[in-house]
Amino acid sequence: MTTAIDTVAALKDKFAAEVLSENEFRDEQTILIALSALPAILAYCKNELAFDYLVDISSVDNMGEEPRFEMVYELYSLQTHVHLRIKARVSEDNLEVPSVVSLWPTADWHEREVYDMMGIRFKNHPDLRRILICDFFPYFALRKDFPLAGKPSDMPEVAFTKPAPLAGGPFVSGDPKDRVTGEPRARGES
């Protein structure tokens, strides 16, 4: 029977120089790999280790560290019932990561969401465009340097043309008619 620990050992044997670290937390295995090895390692995981299900692709903004960003790939094998997390760090100087749409077609929307929210581009993606925010929005809303209050823009106030369905409910933290005071704030922000 193959386990996540066996999988990590196989990856370390095959890609010794590219596996930078490994971590086990609550019986979940995570490996940190060199970004340059990402396509080869993910292809090996899919084709040789039977990771046929791409659960998720996400990113983390480690503002203040270099490399600032981190890509996170959640893989699962429906054959062996093994879960594996693969991470790769991405420098702010070169926000481009190889696309894995050719391996798992479902990566299409995951990569578009990471691009939309963090600004990380995916090389050879078949249709890299925003998926949640309008195309002309000039910022990336999940970066840690994006203020909770938002930034000024020329966007029409389409979200505030009608009363919100939960206006006055338990989750409203200010005047629901005022965009600035109506949204939740981080402690200490005015």
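Quick look at the values:
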| quantity | calculated |
| --- | --- |
| FRET efficiency for Arg143 and Glu28, using Cβ-Cβ distance with R0 set to 30 Å, rounded to 0.05 | 0.70 |
| Residues Glu96 and Ala17, FRET efficiency given R0 of 22 Å [Cβ-Cβ distance, rounded to 0.05] | 0.50 |
| Under 5 Å, built H, 5+ apart or other chain: amide partners of Asp56 | Glu74 |
| Cβ-Cβ FRET estimate between Leu78 and Lys151, R0 fixed at 45 Å, reported to 0.05 | 0.55 |
| Considering only the range 4-152, percent of DSSP beta bridges that pair antiparallel, nearest 5 | 75 |
| From phi via Karplus (6.51, -1.76, 1.60), per-residue ³J(HN,Hα) for the range 93-110 in Hz, x at Gly/Pro | 6, 9, 8, 9, 10, x, 6, 10, 4, 5, 8, 10, x, 5, 5, 3, 6, 4 |
| Within the range 19-105, GluC sites (Glu not before Pro) in DSSP loop having at most 15 other beta-carbon neighbours inside 10 Å | Glu48, Glu65, Glu92 |
| Pair Ala40, Ile131: separation of 7 Å Cα→Cβ label points (nm) | 2.8 |
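Read-outs: derived from the displayed coordinates by stated rules, not from any lab. Just so you know, these numbers come straight off a predicted model, no measurement behind them. Glycine gets a Cβ as well: all are built from the backbone with ideal geometry, and neighbour counts include every protein chain shown.
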